[in-house]
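Trainee: Sending over a structure as C-alpha cells; questions will come in a sec.
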C-alpha cells in the first residue's frame with residue numbers, strides 16, 4: 001500500500017494568510033502531495049522578534065484551515081513544546097506516530113541558501129523529499145552559492161527542489177501585522193475568521 005504523501009509546512013504563521021493557503025492548494029492541485037499539514041512552530045530557532053502567543057497562532061491556523069479537506073492544521077508542536085522547534089525533531093516524531101505517511105518538507109526559496117544552518121540539515125536533505133516554492137522578490141539561489149556549503153550532489157538536489165510552477169504570492173505576515181498596527185484593513189489578505197480573531201483579541205495593535 002502506497003504511503004500517504006504529506007507535505008509538512010512549518011512556520012510561525014503570525015498570522016497565517018491567504019498566500020499560505022493558496023500555496024497549500026497548489027501543492028495538492030499539482031499532485032505534489034496528498035495532504036498539506038500546516039504547523040505553527042512553538043519557538044522557531046531563527047526568529048529574532050517576539051512572536052504572538054503560540055495558542056493564538058495555533059488558533060488562527062485552525063481557523064484558516066477550517067473546511068479544507070486536504071489542508072489541515074498540525075498541532076503536534078502544542079504537544080511537543082520544543083525549545084527551540086527544530087524541524088528535524090518534529091518530522092522524526094511525525095514519522096514515528098504516522099508510519100503510513102511519507103512526510104515531505106515544504107519550504108520557501110529564501111531558505112535554500114541558509115538551509116545548511118538548519119539543525120541536522122544533511123539528515124533532512126538525505127531523508128526527506130523537499131518541495132521549495134519561489135519567492136516574489138526576484139532573488140534566485142544559484143548552484144555555485146549552494147556548493148559553498150554542500151557537495152555537488154547535495155547542491156543539485158536542493159536546487160532541484162525549487163518548483164517555479166508553484167504560485168508566487170506577495171502577501172507577508174510582517175506587512176499584515178504592520179497594517180493592523182496602523183488600523184488599516186487587511187480583509188483581502190487573510191481569512192475573515194482569522195481577521196475577526198485578530199481584532200477580537202487585540203493582536204498586532206503594537207508590534208511585539
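Any read-out appearing in this document is the output of simple, stated calculations on the displayed coordinates, not a laboratory observation. On a predicted model such as this, the values are computed, not experimentally measured, just so you know. Cβ coordinates were reconstructed from backbone atoms using ideal geometry, including for glycine residues, and neighbour counts include every protein chain displayed.
Trainee: With everything on Cα atoms, drop me the angle between helix 54-65 and the longest principal axis of the chain, reported from 0 to 90° to the nearest 10.
Mentor: 80 degrees
Trainee: Indicate the gyration tensor shape class of the range 7-54 (rounded, prolate or oblate), computed on the Cα atoms with a ≥ b ≥ c the square roots of the eigenvalues: a/c under 1.5 is rounded; otherwise a/b larger than b/c is prolate and the rest oblate.
Mentor: prolate
Trainee: Taking a ≥ b ≥ c as the square roots of the Cα gyration tensor eigenvalues, with a/c under 1.5 meaning rounded and otherwise prolate when a/b beats b/c, else oblate, which class fits the range 35-77?
Mentor: prolate
Trainee: Who wins for biggest fluctuation among 196, 101, 49 in a Gaussian network model of the chain, springs between alpha carbons below 10 Å?
Mentor: Greatest mean-square fluctuation among the candidates belongs to 49.
Trainee: Run the numbers on the chain and let me know its relative contact order in percent, using alpha-carbon pairs under 8 Å that are six or more apart.
Mentor: 25 percent
Trainee: In addition: May I ask for the distance between the Cα centers of the range 91-118 and the range 174-208, given as a whole number of Å?
Mentor: Here the answer is 29 Å between Cα centres.
Trainee: Follow-up. Considering the alpha-carbon set of the range 4-170 alone, what are its Rg and its Dmax in angstrom?
Mentor: 15.2, 44
Trainee: Let me ask another. Normalising by the residue count of the range 73-172, find the relative contact order in percent from Cα pairs under 8 Å and 6+ residues apart.
Mentor: Relative contact order, the range 73-172: 27 percent.
Trainee: Can you tell me the orientation of helix 87-97 relative to the chain, as the angle in degrees between its alpha-carbon axis and the longest Cα principal axis, to the nearest 10?
Mentor: Once rounded, the angle reads 80 degrees.
Trainee: Let me ask something else about it. What is the fewest-to-most order of 8, 204, 86 by other Cβ atoms lying within 10 Å of their Cβ?
Mentor: 86, 204, 8
Trainee: Same structure, new question: Subtracting the Cα-Cα distance from 0.36 nm times the residue separation, let me have the gained length for residue 183 to residue 25 in nm, one decimal.
Mentor: 53.9 nm
Trainee: Can you give me the distance in nm between label points at residue 92 and residue 126, each placed 7 Å from the Cα along the Cα-to-Cβ direction?
Mentor: 1.3 nm
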